[in-house]
Amino acid sequence: MTSLHRWPLRLASLAFCLLFWQVATSSRLDLGLLTFIYVPTPESVADAAIALIESSRLWDHVGASLGRVFSGYLIAAVLGVTLGIAIGRSRWAEDSLLPPLEVLRPIPAVAWIPLAILMFPSSELSMIFITFTGALFPVLLNTVHGVEGVDARLIASARSLGAGRLAILREVVLPGAAPSIVTGLAIGMGTSWFCLVTAEMISGQFGIGYYTWESYTIQNYPDIIVGMLLIGLLGMGSSLLVKRLGSLLTPWYRSGGRR
């Protein structure tokens, strides 16, 4: 099944979700543990989205969030891939670097916010740091996994042919680990958005997370969903962009096995 032939099913899935949303909110569906009585209808959300687009606030919020996301993400991508290669290729690096990183990895983004505010002179830098922490660990761990998963026989063969450490890294390790690295970069982009929105809700003055939280505080419920949808669309689009760039950089790799 080609990609073009799969689009009708994907669009039908989105249409079904939209229809359920419309029916549940218009009929004020109440299932006891789950209620749609106060959830805005798709029409009211569409009106709020149009009003936001027509105002100047949309580009202020989107521009602020994009700048923070990509600043933190790019730093995390470079550092995560570099540390991942070092840890995957060196036992000394694994023993000295991985234990403290594993201690820091489970700490949620919201727990970093007070410390980030204390460490950095501006809220802007603290939000970029929160985004960085969110992206770092998926990139790092997937890079380590990819480097360690390279067939040792390929490395031994390259070494027997006279290849040095840099040649083995460039010609064998990086091409073999590239699919895992690209996966980590795509996941890291998604977690960047998650962490950024958390930071913006507390420390921001502009940004989609701030817009969503502000809408909640003034009980403007349609705008809350507009903010949520913006986060989802931008996060999905940026992750797809990373995957697309990754596929262009790894033409030798094609995922298969799915029908």
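In segment 65-108, the qualifying residues are those that are among the charged types (D, E, K, R) and over 18 Å from LEU185 (Cα atoms), and the one that is surrounded by the most Cβ atoms within 10 Å (Cβ to Cβ) is ARG89. Is it the case that segment 87-99 has a residue that's closer than 24 Å to LEU245 by Cα and of a type outside the set (Gly, Ala, Ser)? No: segment 87-99 contains no residue that is closer than 24 Å to LEU245 by Cα and of a type outside the set (Gly, Ala, Ser). Here SER180 passes the criteria (1) modelled with pLDDT of 90 or more; (2) of a type in the set (Gly, Ala, Ser); (3) under 21 Å from SER71 (Cβ atoms) except the one numbered (3). Screening ILE224, ILE187 for residues that are open to solvent by 50 Å² or more (accessible area, probe 1.4 Å), part of a helix (DSSP H, G or I), under 26 Å from LEU125 (Cα atoms) and at pLDDT 90 or above leaves exactly one candidate, ILE187.
Among the residues of segment 27-49, those that are part of a helix (DSSP H, G or I) and small (Gly, Ala, Ser) comprise SER44, ALA46, ALA48, ALA49. Which numbered condition in (1) open to solvent by 80 Å² or more (accessible area, probe 1.4 Å); (2) among the charged types (D, E, K, R); (3) more than 12 Å from LEU141 (Cβ to Cβ) is the only one that GLU124 fails? So the condition that GLU124 fails would be (1). For beta carbons closer than 8 Å, sequence separation of 6+ or different chains, a first residue in segment 209-234 that is free of Cβ contacts under 8 Å to residues at least 24 places away in the same chain and within 12 Å of VAL197 (Cα to Cα) and a second that is among the charged types (D, E, K, R) and open to solvent by less than 40 Å² (accessible area, probe 1.4 Å), the qualifying pairs are THR212/ASP223; TRP213/GLU200. No other residue among ILE187, ILE208 is more than 28 Å from SER44 (Cβ to Cβ) and aliphatic (A, V, I, L, M) apart from ILE187. Counting only residues that are small (Gly, Ala, Ser), in a helix (DSSP H, G or I) and out of contact with any Phe, Trp or Tyr (no Cβ under 7 Å at 6 or more places or on another chain), segment 154-184 holds 9 of them. For segment 111-119, the count of residues that are under 27 Å from VAL242 (Cα atoms), open to solvent by 30 Å² or more (accessible area, probe 1.4 Å) and part of a helix (DSSP H, G or I) is at least one. Checked against (1) in contact with a Lys or Arg (Cβ under 9 Å, 6 or more places away or on another chain); (2) over 25 Å from PRO179 (Cα atoms), ARG89 passes all but a single condition, namely (2). Selection over segment 199-211 of residues that are β-branched (Val, Ile, Thr) and either assigned to a loop (DSSP other than H, G, I, E, B) or surrounded by fewer than 22 Cβ atoms within 10 Å (Cβ to Cβ) (or both) gives a count of 1. For segment 212-221, the tally of residues that are open to solvent by less than 90 Å² (accessible area, probe 1.4 Å), out of contact with any helix residue (DSSP H, G or I) (no Cβ under 7 Å at 6 or more places or on another chain) and part of a helix (DSSP H, G or I) stands at 2. For segment 132-179, the set of residues classified as of a type in the set (S, T, N, Q) and surrounded by 17 or more Cβ atoms within 10 Å (Cβ to Cβ) consists of THR133, ASN142, THR143, listed by residue number.
The values are calculated or read from the model by the stated rules, or taken from the named source; none is laboratory data. Model, not experiment: these values are computed from the prediction. Neighbour counts are summed over all protein chains in view; Cβ atoms, including those assigned to glycine, are modelled from backbone coordinates with ideal geometry. When the accessible area is computed, the model is the full protein with side chains, heavy atoms only, and any ligands, DNA or RNA have been set aside. Shrake-Rupley method; radii C 1.70, N 1.55, O 1.52, S 1.80 Å.
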